[in-house]
Amino acid sequence: MTIENSASKELKWWSIPGQYLRQEFLPILTNLRLAIALLLLIALFSISGTVIEQGQSPAFYQANYPEHPALFGFLTWKVIQVVGLDHVYRTWWFLALLILFGTSLTACTFTRQLPALKAARRWKYYEEPRQFQKLALSAELDSGSLNSLSPILQNRRYKIFQEKDNILYARKGIIGRIGPIIVHVGIVAILLGGIWGAMTGFLAQEMVASGDTFQVKNIIDAGPLAAAQMPKDWSVRVNRFWIDYTPSGGIDQFYSDMSVLNNQGQEVDHKKIFVNQPLHYHGVTFYQTDWGISAVRVRINNSPIFQLPTAQLNTNGRGRIWGTWIPTKPDLSAGVSLLVKDLQGMVLIYDATGKLVDTVRTGMSTQVNGVTLKILDVIGSTGLQIKADPGIPIVYTGFGLLMLGVVMSYFSHSQIWALQTGDRLYIGGKTNRAQVAFEREVLDILDRLSSQPKDDERANNQESLASNPQV
């Protein structure tokens, strides 16, 4: 006896957390106000992640968000980096908001939506006239019958349940009860996709010269589980980079012809990319985002061909210019500077005093400092943004379910009861939305039932005339 009491006490002790969750925590978790507040917070921080540049260097934020004057009086580079606004979507607090919101939706689905669907699938008959008084829309007819009501409801796509000759229940639009559940599933899928992408995705940038082969190394931002997504057994070669210019000299479009190579150097994929036309391979996407000039190929007199790297010069926002220095004497005591602003082949040559010596195009030669300098080529470089986000398919699936659920939710769940007692026919109904349209539908049903006896009498008279033509 003592053992049983001890076991009973132990069972009650273990049941306390479950009871507390159901009675105290679940009502808070499934509260509509909490869900709306979480949604607004997620939207607010998502907007901040769109407005504030993500994944930039500390120097970038120090230059664009100084302490004096602070943006909006409080937003400085220190605030951005301490709070994590430079990588909003991977901060612990943003992921916590997503998890809490998803948990709230899931709890609401299991505690409210699924029971509501289960209740909607059950039906009960009204067997007493007084039960119809509870319905907002009901009527009592002294004509009509269930036999004439059934085909009218069937024509309006109602599903009819009838066990007795004098009792009827009909419903349609049960899909409208499923819609909110699909909406919740879609939103949870979007949240899961966002969390999975934040944990496993990465963002990188590369500036690659035309003709070079590279592997993704310059990682700007990455989730804690992103190592599995990073390319290890393949590389990419930029076969050629070029720019199409407008007749006025502006840039029309820039292109990169790219090949994906395996470990043996064999091409396994190939594509010409440009803005809004990226290369996709094994879940990694290569976007064309920038360009530059990486080198200039020259020959001095009859020397071998030199490929000299260029550097972008600071022009204080007055255009982009790349420059390099070429020695014209073996002891490097003299030389000239080359300046290039685009890939149209125009090269400016300056001496040591900063004086413009000559302007030449690729393939042309000029005399400087007693030597013949020939400009063979200007080599461009492509700026690539490389991104992997394994959560995108989950997010797209969630958006599809969300749109499907919204469409399904527009269907009204309408119910009609009928009871016939003697020569009296009681009809009532209710719906969860589109109340005015449902009232019109019920009134039309009642009108057709009221006119049914006249139609039956007219049909009987025609049959009588047909059987007695002399009358």
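The values are calculated or read from the model by the stated rules, or taken from the named source; none is laboratory data. Given the structure is predicted, the values throughout are model-derived calculations rather than measurements. Note that each Cβ is placed from the backbone with ideal geometry, even for glycine, and that neighbours are counted across all protein chains shown.
Of note:
- Filter result for Gly292 (more than 23 Å from Val236 (Cβ to Cβ), small (Gly, Ala, Ser) and either modelled with pLDDT of 90 or more or exposed (fewer than 12 other Cβ atoms within 10 Å of the Cβ) (or both)): no
Conditions (1) within 30 Å of Val260 (Cα to Cα); (2) in a loop (DSSP other than H, G, I, E, B); (3) free of Cβ contacts under 8 Å to residues at least 60 places away in the same chain; (4) in the same structural domain as Ser148 (by TED's automatic domain parsing), marked per residue:
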| site | (1), (2), (3), (4) |
| --- | --- |
| Ser333 | no, yes, yes, no |
| Val336 | no, no, yes, no |
| Gln344 | yes, yes, no, no |
| Asp358 | no, no, yes, no |
| Lys374 | no, no, no, no |
| Ile379 | yes, no, no, no |
| Gly383 | yes, no, no, no |
| Thr397 | yes, no, no, no |
| Val407 | no, no, no, no |
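- Of all residues in the stretch 156-164, none satisfies being crowded, with 18+ Cβ neighbours inside 10 Å and over 16 Å from Ile427 (Cβ atoms).
- Any chance Leu402 is surrounded by 17 or more Cβ atoms within 10 Å (Cβ to Cβ) and part of a helix (DSSP H, G or I): yes
- When residues of the stretch 409-430 are limited to those that are outside any strand (DSSP E or B) and touching a residue at least 60 places away in the same chain (Cβ under 8 Å), the one farthest from Leu141 (Cα to Cα): Ser409
Rundown of residues vs (1) small (Gly, Ala, Ser); (2) over 26 Å from Asp377 (Cβ atoms), yes/no style:
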residue	(1), (2)
Ile219	no, yes
Leu225	no, yes
Met230	no, yes
Trp234	no, yes
Arg237	no, no
Phe241	no, no
Asp244	no, no
Ser248	yes, no
Gln253	no, no
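- Selection from the stretch 433-458 of residues that are under 15 Å from Ala139 (Cα atoms), modelled with pLDDT under 90 and under 42 Å from the mean Cα position of the chain (by Cα): none
- Taking the criterion of being outside any helix (DSSP H, G or I) and in contact (Cβ under 8 Å) with a residue 60 or more places away in the chain, the residues of the stretch 32-55 that qualify are Gln54, Gly55.
- Residue ID - farthest from Leu443 (Cα to Cα), chosen from residues in the stretch 113-154 that are among the hydrophobic types (A, V, I, L, M, F, W, C) and outside any helix (DSSP H, G or I): Trp123
- One residue from Ala227, Ala222 being modelled with pLDDT under 90, out of contact with any helix residue (DSSP H, G or I) (no Cβ under 7 Å at 6 or more places or on another chain) and surrounded by fewer than 18 Cβ atoms within 10 Å (Cβ to Cβ): Ala227
- Of all residues in the stretch 211-231, those that are of a type in the set (D, E, K, R) and touching a residue at least 24 places away in the same chain (Cβ under 8 Å) total 2.
- Of the residues Arg320, Arg299, the single one that is touching a strand residue (DSSP E or B) at 6+ places or on another chain (Cβ under 8 Å) and over 24 Å from Tyr245 (Cβ atoms) is Arg299.
- Of all residues in the stretch 413-433, those satisfying the criterion of being closer than 29 Å to His184 by Cβ and out of contact with any helix residue (DSSP H, G or I) (no Cβ under 6 Å at 6 or more places or on another chain) are Gln415, Ile416, Lys430, Asn432, Arg433.
- Residues in the stretch 123-139 that are over 50 Å from the mean Cα position of the chain (by Cα), surrounded by 12 or more Cβ atoms within 10 Å (Cβ to Cβ) and either among the charged types (D, E, K, R) or closer than 30 Å to Val406 by Cα (or both): Glu127 alone.
- Leading residue by the ranking (farthest from Glu206 (Cα to Cα)) among those in the stretch 254-284 that are surrounded by 15 or more Cβ atoms within 10 Å (Cβ to Cβ) and of a type in the set (S, T, N, Q): Ser259
Yes/no per residue for (1) at pLDDT below 90; (2) outside the structural domain of Ile427 (by TED's automatic domain parsing):
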| site | (1), (2) |
| --- | --- |
| Lys124 | yes, yes |
| Leu135 | yes, yes |
| Gln154 | no, no |
| Glu163 | yes, no |
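- If you go through the stretch 232-284 and keep only what is outside any strand (DSSP E or B), within 27 Å of the chain's Cα centre (by Cα) and free of Cβ contacts under 8 Å to residues at least 12 places away in the same chain, you end up with Asn276, Pro278.
- Out of Asp358, Asp389, one residue alone is of a type in the set (Asp, Glu), over 30 Å from Met230 (Cβ atoms) and at pLDDT 90 or above. It is Asp358.
- In this structure, Thr382 does not satisfy being surrounded by 14 or more Cβ atoms within 10 Å (Cβ to Cβ), under 30 Å from Ala189 (Cβ atoms) and among the β-branched types (Val, Ile, Thr).
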